[in-house]
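S.K.: Okay, here's the structure, questions in a sec.
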Amino acid sequence: MPTSPRRCASTRLRAPRPVGARLVGACLVVALTVACSAQGAPAAPPATPSATAPVPLPRDAVVDYQLGGSYRPAADVTVVVRDRTEKPDPTRYSVCYVNAFQTQPGQLGWWKKHHPTLLLKRQGVLVRDPGWPDEVLLDQRTAAKRAAIVSIVSGWFRGCAKAGYDAIEADNLDAWTRSRSLLTRAQTTSTAKGLVRAAHATGLAIAQKNTPEIDGRALGFDFAVAEECEVYRECGDYTRLYGRGVVEIEYTDNGRAAYARACRQRAGDHPITLRDRDVVPRGARGHVFQHC
């Protein structure tokens, strides 16, 4: 599956997301439909505060980014990121990947059946992510719709917490930049605040995913997952907000120079991981995992 080019969002550009998370969603559509129907039921009550405070990202973390399928991490890995349809690693700090601002591949039919008014449309036509046309943007234009989105996604957060995850990676925070001017940054930050509250209410930390033009700290995010920030010279935008709490992911299809440069400049400051674009499991053709 080809990756999308980064798209302009003000003066900065959007990182293409790994293929693996989409493949997981597409392959598990039946299971996801059942799970989503249970978790995304309408009018879910507001989350009650958790008795357990969120556990912060470990210091000196070594991160394995396993969105293309789970496998046993190397012995020195301390943090594992997996799709919400996968089980967490019971012996490591585990981050649950959730597509929070767009539909996941294979789930559009469920959204059309259960929440058609939450799908963003322009003149009656669904607004799709240009780089990932099997993903439709969610409609955040009214307070009621934002609340409904948070209610649905918070059900998935509770599922992550019940499974044993420690934190959330909420993807597509930057969806408004691909909305053909239908969505705004202010609407996005409002939704994001609701998602942060929902994650914290379940006892989970939550990461800002990419989108350096937003001050995620001010919204309550606990750490950041920054893809290709060395390639696009954005890493300082995240470290100024989160210090050591930045998970930097670089990809091999950009060549190795950016990863090598990142390691020379920041090794020891925060976790830096090199992965193949498809984030395939160990043993699969093309698998790459390095860290510094």
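S.K.: Let me check something: with ligands and nucleic acids excluded, how do K112, K145, K162 order by accessible area (1.4 Å probe), largest to smallest? Can you show the working numbers first?
M.R.: Working: K112 110, K145 55, K162 185 Å².
Final ranking, largest accessible area leading: K162, K112, K145.
S.K.: Okay, next question. Any idea how far apart A267 and R185 come out in nm if each label point goes 7 Å out from Cα toward Cβ?
M.R.: With each label point 7 Å from Cα toward Cβ, the separation is 3.6 nm.
S.K.: Right, another one. May I ask you to give the solvent-accessible area per residue for the range 174-292, in square angstrom, as obtained with a 1.4 angstrom probe?
M.R.: Accessible surface, normalised per residue, equals 37 Å².
S.K.: Among 213-219, 103-109, 72-78, what's the highest-first ranking by average C-beta atoms within 10 angstrom per residue?
M.R.: Sorting 213-219, 103-109, 72-78 by mean packing, highest first, produces 103-109, 213-219, 72-78.
S.K.: Let me ask something additional. Run the reach check for K87 against lysines, Cα to Cα strictly under 25 Å, same-chain hits fewer than 8 apart removed. What comes back?
M.R.: Reachable lysines: K162, K209.
S.K.: Something else: Arrange the residues R240, R275, R266 by how much accessible surface each exposes, largest first, with a 1.4 angstrom probe.
M.R.: My answer, sorted largest first, is R240, R266, R275.
S.K.: Calculate the spin-label point distance for K87 paired with A257, positioning each point 7 Å from the Cα along the beta-carbon direction, and give it in nanometres.
M.R.: Between A257 and K87, the label points sit 4.4 nm apart.
S.K.: Students often forget the sequence filter, so: which aspartates and glutamates lie under 18 Å Cα-Cα from K113 once same-chain residues fewer than 8 apart are removed?
M.R.: D134, E135, D139
S.K.: Tally up the carbon and sulfur contribution to the accessible surface of the range 162-292 as a whole percent, 1.4 Å probe, everything protein left in place.
M.R.: Exposed carbon and sulfur together represent 47 percent of the surface.
S.K.: Another one. Starting from the Cα of R244, step 7 Å along the direction of its Cβ; do the same at K193; then give the gap between the two resulting points in nm.
M.R.: Result: 3.1 nm between the two label points.
S.K.: Suppose R0 equals 45 Å; then what is the FRET efficiency for K121 and A218 from their Cβ-Cβ distance, rounded to the nearest 0.05?
M.R.: The formula returns an efficiency of 0.90 here.
S.K.: Using the Cα gyration tensor of the range 109-240, with a ≥ b ≥ c the square roots of its eigenvalues, what is the shape: rounded (a/c below 1.5), prolate (a/b larger than b/c) or oblate (neither)?
M.R.: Values: a/c = 1.77, a/b = 1.18, b/c = 1.50.
Oblate, since a/c reaches 1.5 and b/c is not below a/b.
The values are calculated or read from the model by the stated rules, or taken from the named source; none is laboratory data. In this text the structure is predicted, and so the values were computed from the model without any measurement. Neighbour counts run over all protein chains shown; Cβ positions are idealised from the backbone, glycine included. When the accessible area is computed, the model is the full protein with side chains, heavy atoms only, and any ligands, DNA or RNA have been set aside. Shrake-Rupley method; radii C 1.70, N 1.55, O 1.52, S 1.80 Å.
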